[in-house]
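Each value in this text was obtained by applying a stated rule to the coordinates, not by laboratory testing. Because the structure is predicted, anything quoted here is derived from the model rather than measured. FYI the Cβ positions are ideal-geometry reconstructions off the backbone, even for glycines, and counts take in every protein chain you see.
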Amino acid sequence: MKKLSLSPERRQRLIGELRKMSERDFDILLSDFQAGELVDRMTALIGPAVYNEAVQDVRVNLQRRLDELDGEVFADDPG
């Protein structure tokens, strides 16, 4: 599997949210660099698990839809 990465816009948004959260909830001021390092490390640490969970959820939903499709598209065979 390829390495997970965030778009620059999403990464910057997460950095901003992390900085706000750390100051509000923990009274810790993070620089953009520090917050960026945390975002990058957390992406590497939990990103694959979140990705795999999402893929599994999609797989289950697709299989359910495919199972439902059987009754909708197959014609009764008279013979």
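Observations
- Karplus (6.51, -1.76, 1.60) ³J(HN,Hα), θ = phi - 60°, over the range 50-62, in Hz, Gly and Pro reported as x: 5, 4, 4, 5, 5, 4, 5, 4, 5, 4, 4, 5, 5
- By other beta-carbon atoms within 10 Å, ranking Leu38, Leu45 with the fewest at the front produces Leu45, Leu38.
- Amide N proximity, the range 1-29 versus Arg59 label position 7 Å along Cα-to-Cβ, cut-off under 12 Å: none
- Cα-only radius of gyration and Dmax that characterise the range 8-71, units Å: 18.0, 58
- C-alpha long axis of helix 8-26 to longest principal axis of the chain, angle in °: 60
- Within the chain, trypsin sites (Lys or Arg not before Pro) in DSSP loop having at most 12 other beta-carbon neighbours inside 10 Å: Lys2, Lys3
- In a reduced charge model with +1 at each Lys and Arg Cβ and -1 at each Asp and Glu Cβ, the chain shows a dipole moment near 620 debye about its Cα centre.
- CD proxy at 222 nm, helix term only [per DSSP H run n ≥ 4: -39500 (n - 2.57); per residue of the chain; nearest 500]: -28000 deg cm²/dmol
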